[in-house]
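Working notes for the structure below.
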Amino acid sequence: LVIACPCALVISTPVSIVSALANAARHGVLIKGGAYLEAVGSLRAIAFDKTGTLTVGRPVVTDVIPLNGMSADELLTLAAAVESGSGHPLAEAIVHEARHRGLSLRVAAGFVARSGLGAQAQVDGRIYRIGKREFLDGVGLDEGASARVEDLESEGKTVMLLADEATVLGLIAVADRLRPEVAGTVAALRAEGLARAVLLTGDNPRAAAAIARQAGMDEVRASLLPEQKVNAIAGLLEKYGAVGMVGDGVNDAPALARATVGIAMGGAGTAQALETADVVLMSDDLTKLPFAVRLSRAARAIVRQNIALSLGIKAAFLILALPGWTTMWMAVFADMGASLLVTLNGMRLLRYRPS
């Protein structure tokens, strides 16, 4: 009795996985291993960051509103001085606007950033803070200014307040543009069976809601600190089992690590996000997400096909061998022939294309 060695069974999975990973990389999706490839196809919900993920990540200053006797140029000069120590896209927008207006940036010292809230620094011997209202530690804002903040936020803009130790000096509104492919991507993911698309952002609720409506999100959670994003992902995991998180910033790294699959934007993403993520969209093209889901499912289907094919050929050879009907050539086919068949079948994934 001659039983061929199970070479086909051994190589059936690696060939399929390697082919799928190579194809994904060719289409701009870097997947860091077979386990993550398999996990992408099992996702039931997906969460997105806003700035730099759903939006293009190049926000611009739209409104500069001085208060309490401050001029617009002075307000922007002080804000740019404080934000010059930050690499956040909103901070960069303020610095860019100040330079665009030809304003001279002042030197700031003692820069301190509070993740998800704002930043502070010392300029000309005085401490200034810029960020959300919660970051201003009780510095008052009159009714007129509060109403103006609400109006700007309802337009989808992010409003930052600049204050010294006792007074709010002005408002700076910044807006970013939604990526044109976002709504189509969310719809395509829903068509692939994902039950929930959620926006997780540190931005204010009104601005977040405006973006979520345009993107077609099922749910929005706003004003989140990094640890609150992690808690949100944990809650989604309890409900859906397998959850993806798409982000680009330092603040997103903990949530990327907590998710079943962390997905980073390769162009706009920070080093921390890229290192933490399991999947990287190299060209920041969100339309590759549905492709990655379909490719993962195709890879799993072909792995199952190859295993069934390998075991089927071995079983048939064994049945024929019992009455002595097998030949040397049949043994060769059961070994090398089966190996070639599963290899060629697995390599079909190299031809898989985004729809």
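The values are calculated or read from the model by the stated rules, or taken from the named source; none is laboratory data. This one's a predicted model, so the numbers in the text were calculated from it and none came from an experiment. Cβ sites come from the backbone with ideal geometry, for glycine too, and all protein chains shown count toward neighbours. Heads up: the accessible areas ignore ligands, DNA and RNA and are worked out on the full protein's heavy atoms, side chains in. Shrake-Rupley method; radii C 1.70, N 1.55, O 1.52, S 1.80 Å.
Rounded to the nearest 20, the size of the Cβ-charge dipole of the chain about its Cα centre is 1740 debye, with Lys and Arg at +1 and Asp and Glu at -1. Taking a ≥ b ≥ c as the square roots of the eigenvalues of the alpha carbon gyration tensor, the range 199-292 is rounded, as a/c is under 1.5.
A convex hull fitted to the Cα coordinates of the range 189-240 yields 66 cubic angstrom per residue.
Each principal axis of the Cα atoms in the range 96-150 has its own extent, and those three values, largest first, are 32, 26, 22 angstrom.
Taking a point 7 Å from the Cα of Glu227 along the Cα-to-Cβ direction, the residues of the range 120-161 with backbone N closer than 17 Å to it are 135.
Across all directions, the shadow cast by the convex hull of the chain built on its C-alpha atoms averages 20.8 square nanometres. Note on the chain: GNM, Cα springs under 10 Å; of Gly247, Gly110, Gly85, the largest mean-square fluctuation is that of Gly110.
In order along the range 254-268, the Karplus-derived 3J(HN,Hα) couplings, from 6.51 cos²θ - 1.76 cosθ + 1.60 at θ = phi - 60°, round to x, 5, 4, 5, 6, 5, 4, 9, x, 10, 10, 7, x, x, 7 Hz, and Gly and Pro are given as x. The H on the amide N of Val220, modeled in the peptide plane, is under 5 Å from the matching H of Leu199, each at least 5 residues off or on a different chain. In whole angstrom, note down how far apart the Cα centers of the range 236-302 and the range 74-115 are. When both Cα centres are located, 31 Å separates them.
Computed packing ranks the peptides 280-288, 189-197, 252-260 as 252-260, 280-288, 189-197, most packed first, by mean other Cβ atoms within 10 Å. DSSP beta bridges fully contained in the range 49-182 are about 100 percent antiparallel. In the context of the full set of protein chains, the chain has a per residue accessible area of 44 Å² (1.4 Å probe).
Shape index of the range 241-280: Rg/Rh, with Rg the Cα radius of gyration and Rh the Kirkwood radius from the inverse mean 1/r over Cα pairs, equals 0.93. Only protein atoms count toward the accessible area here, which uses a 1.4 Å probe; on the chain, the carbon and sulfur part of that area reaches 58 percent. Of all DSSP-defined beta bridges confined to the chain, some 60% are antiparallel rather than parallel. Which percent of the Cα-Cα distances in the range 76-227 go past 23 Å? So the portion of pairs separated by more than 23 Å is 42 percent.
Amide H contacts of Leu103: none lie under 5 Å away among residues 5 or more positions distant or on a separate chain (H built 1.01 Å from N in the peptide plane; Pro and chain starts excluded). Mean separation of Cα pairs under 8 Å and 6 or more residues apart, divided by the residue count, gives the chain a relative contact order of 27 percent.
Sparse packing (at most 15 other Cβ atoms within 10 Å of the Cβ) combined with a DSSP loop state is found for the following trypsin sites (Lys or Arg not before Pro) in the range 36-139: Arg101, Arg106.
Enumerate the helices in the chain for which the Kyte-Doolittle hydropathy averages 0.0 or more and the C-alpha atoms extend at least 18 Å along the helix's axis, using complete DSSP H runs. Correct list, ordered by number: 7-26, 288-321.
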